[in-house]
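The block underneath contains the structure these notes are about, expressed in structure tokens.
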Amino acid sequence: MQTIDKFNFAGKKAFVRVDFNVPLDENFNITDDTRIRAALPTLKKILADGGSVIIGSHLGRPKGPADKFSLKHILAPVSKLIGVDVQFANDCMGEEAVAKSAALKPGEALLLENLRFYAEEEGKPRGLAEDASDEEKAAAKKVVKASQKEFTKKLASYADCYVNDAFGTAHRAHASTALIANYFDTDNKMFGFLMNQEVVAVDKVMTDIQRPFTAIMGGSKVSSKIEIIENLLSKVDNLIIAGGMTYTFAKANGGKIGQSICEDDKLDLALSLIAKAKELGVNLVLAVDAKIADNFSNDANTQFVPVGEIPDGWEGLDIGPKTEAMFAEVIKNSKTILWNGPTGVFEFDNFTSGSRAVGNAIAEATANGAFSLVGGGDSVACVNKFGLADKVSYVSTGGGALLEAIEGKILPGIAAIKE
Ligand code: AMP
């Protein structure tokens, strides 16, 4: 497999798929440029080598060309961050894109208009009537899939090599994230630096595992985490279940959970996960006490009670101190740690303690040599809120992509380069 650090881009044109899907305010100012900054090492390396870059990205979820989703709005900040005057092509497919990419000289960069202005990028038909029949849907899909080949081939024709640095879309088999790789031979396609870091981090919790391995799964619902929990059960030594899921497990075990969030149709599933953990010799760690509230608000009255003894009219919004200590003990004795999802409603300042305790324990374990990966949604917001982002080994930039990777799925964007 080709690697970006070894590749010399001198005199080459690189098509770089980035994730510049940044949040914008009503005046099109970027409110968080993290995603652009994350791609800078890759873009700068190519330019410094004496190569040129054709940058492709999506922005938002357009249903066709729309000024609101134009990448022209971010051209100036992108130029400033990369440190060169980036050119712009108003249409990723038009004559302008062809001419401007062909004329690029070493050290120059071109940003293409939003790739998702074309349905071919995602390969999904658009504008279908809501009551379209299955036959109509299938026919429309066939049409877009056929034109997707031409679309992909044309994007590939702009460049000599392909670099994928968009981990956030690696779980999508889109034209620019996966299919395009078919038009480059193995020596001329590679991950960018960001993508590479993500792939290495995922490998460390999926294959290249140092033991003991502890996963902390929080968040609201068991239903959204089933596949992850099932996949992790065959890999971890300790599985900590926290957050809203706690109460589905507690009720399944015969406990009283008051008004706590619970999925009544998942009680059997919770029991089967408990049984499976036992069968596999996994230490399934469930909360023993909860910080309960008399309504769902930051200012609610609170008390600490055992998890299965929550009175009617009260709900568990975070773990209690005994559970914090128990979780911390397990985490601190781990060599590999994966954290996905808060232990409670961390958005309310009065219910952050459990998530903070988990974050601190992970930081301590990391300082003692453990590898820790945090990602897949709200746990990233947690480590940022608690100032712990630089005290864990890696904070993933990919929400859905990371979740699919830890569900054990093959990500098309990664497979397209690795094959
Ligand atoms: P997820 O997107 O599934 O990772 O869930 C994250 C959300 O779960 C956050 O918004 C938390 O506020 C919420 N959450 C965590 N614990 C609880 C709880 N005990 N009750 C209700 N919501 C919770």
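The values are calculated or read from the model by the stated rules, or taken from the named source; none is laboratory data. Keep in mind it's a predicted model, so treat the numbers as computed, not measured. Ideal geometry is used to build each Cβ from the backbone, glycine not excepted, and the neighbour counts take in all protein chains shown. Ligands, DNA and RNA are stripped out before the accessible areas are found, and what is left, the full protein with its side chains, is counted by its heavy atoms. Shrake-Rupley method; radii C 1.70, N 1.55, O 1.52, S 1.80 Å.
Scan the stretch 219-246 for residues that are touching an Asp or Glu at 6+ places or on another chain (Cβ under 8 Å) and either under 24 Å from residue 321 (Cβ atoms) or within 9 Å of the ligand (Cβ to nearest atom) (or both) and jot them down.
Keep residues of the stretch 219-246 that are touching an Asp or Glu at 6+ places or on another chain (Cβ under 8 Å), which gives 219, 221-223, 227-228, 231.
The answer is 219, 221.
Taking the stretch 342-358 only, how many residues are without any contact (Cβ under 8 Å) to a residue 40 or more places away in the chain and either on the phi > 0 side of the Ramachandran plot or in a helix (DSSP H, G or I) (or both)? It would help to see each step written out before you state the result.
Filtering the stretch 342-358 down to residues without any contact (Cβ under 8 Å) to a residue 40 or more places away in the chain leaves 346-347, 352, 356-357.
Those still in the list that are either on the phi > 0 side of the Ramachandran plot or in a helix (DSSP H, G or I) (or both) too: 356-357.
Summing the residues that are without any contact (Cβ under 8 Å) to a residue 40 or more places away in the chain and either on the phi > 0 side of the Ramachandran plot or in a helix (DSSP H, G or I) (or both) in the stretch 342-358 gives 2.
Quick one: what pairs do we get from the stretch 138-164, first residue part of a strand (DSSP E or B), second open to solvent by less than 10 Å² (accessible area, probe 1.4 Å) and among the aromatic types (Phe, Trp, Tyr), C-beta under 7 Å, 6+ apart or different chains?
Once the first residue is part of a strand (DSSP E or B) and sits in the stretch 138-164, its partners that are open to solvent by less than 10 Å² (accessible area, probe 1.4 Å) and among the aromatic types (Phe, Trp, Tyr) give 162/15; 164/191.
Name every residue in the stretch 324-338 that is out of contact with any Gly (no Cβ under 7 Å at 6 or more places or on another chain) and in a helix (DSSP H, G or I), in order of residue number.
325, 326, 327, 328, 329, 330, 331, 332
So residue 273 fits all but one of (1) more than 22 Å from residue 409 (Cβ to Cβ); (2) in contact with a strand residue (DSSP E or B) (Cβ under 9 Å, 6 or more places away or on another chain); (3) buried (at least 20 other Cβ atoms within 10 Å of the Cβ); what number is the exception?
Residue 273 satisfies every listed condition except (1).
Which of (1) more than 18 Å from residue 249 (Cβ to Cβ); (2) in contact (Cβ under 8 Å) with a residue 24 or more places away in the chain; (3) surrounded by fewer than 24 Cβ atoms within 10 Å (Cβ to Cβ) is the odd one out, the single condition residue 322 does not satisfy?
All conditions are met except number (1).
Name, by its number, the condition in (1) assigned to a strand (DSSP E or B); (2) within 12 Å of the ligand (Cβ to nearest atom) that does not hold for residue 250.
Result: residue 250 passes all but (1).
Does residue 359 fit the bill of being closer than 27 Å to residue 303 by Cα, buried (at least 19 other Cβ atoms within 10 Å of the Cβ) and away from the ligand (no atom under 14 Å from the Cβ)?
Working: closer than 27 Å to residue 303 by Cα: yes; buried (at least 19 other Cβ atoms within 10 Å of the Cβ): yes; away from the ligand (no atom under 14 Å from the Cβ): yes.
Here the answer is yes, as residue 359 does meet what is asked.
Looking at the stretch 150-173 only, could you name the residues that are open to solvent by 10 Å² or more (accessible area, probe 1.4 Å) and more than 13 Å from residue 16 (Cβ to Cβ)?
Matches in the stretch 150-173: 150, 153, 154, 157, 168, 171, 172, 173.
Which condition from (1) within 25 Å of residue 316 (Cα to Cα); (2) surrounded by 24 or more Cβ atoms within 10 Å (Cβ to Cβ); (3) away from the ligand (no atom under 12 Å from the Cβ) is the one that residue 342 breaks?
Residue 342 satisfies every listed condition except (3).
Within the stretch 290-311, is even one residue assigned by TED's automatic domain parsing to the domain that holds residue 357, within 30 Å of residue 202 (Cβ to Cβ) and either within 15 Å of the ligand (Cβ to nearest atom) or without any contact (Cβ under 8 Å) to a residue 12 or more places away in the chain (or both)? Before the answer, list the steps.
Initial filter on the stretch 290-311 (assigned by TED's automatic domain parsing to the domain that holds residue 357): 290-311.
Filter once more, so that each one left must be within 30 Å of residue 202 (Cβ to Cβ): none.
No, the conditions are met nowhere in the stretch 290-311.
In the stretch 307-326, what residues are more than 13 Å from residue 260 (Cβ to Cβ) and more than 31 Å from the chain's Cα centre (by Cα)?
Answer for the stretch 307-326, where residues must be more than 13 Å from residue 260 (Cβ to Cβ) and more than 31 Å from the chain's Cα centre (by Cα): just 322.
Residue 26 - would you say it is among the acidic types (Asp, Glu) and loosely packed, with under 13 Cβ neighbours inside 10 Å?
When the stated conditions are applied, residue 26 passes them.
Being touching a Ser or Thr at 6+ places or on another chain (Cβ under 7 Å) and either part of a helix (DSSP H, G or I) or closer than 17 Å to residue 167 by Cβ (or both) is the filter here, so list the residues in the stretch 197-215 that pass it.
Result: 198, 201, 204, 205.
Are any residues in the stretch 126-155 among the acidic types (Asp, Glu) and closer than 22 Å to residue 178 by Cβ, and if so, which ones?
The one that is among the acidic types (Asp, Glu) and closer than 22 Å to residue 178 by Cβ: 150.
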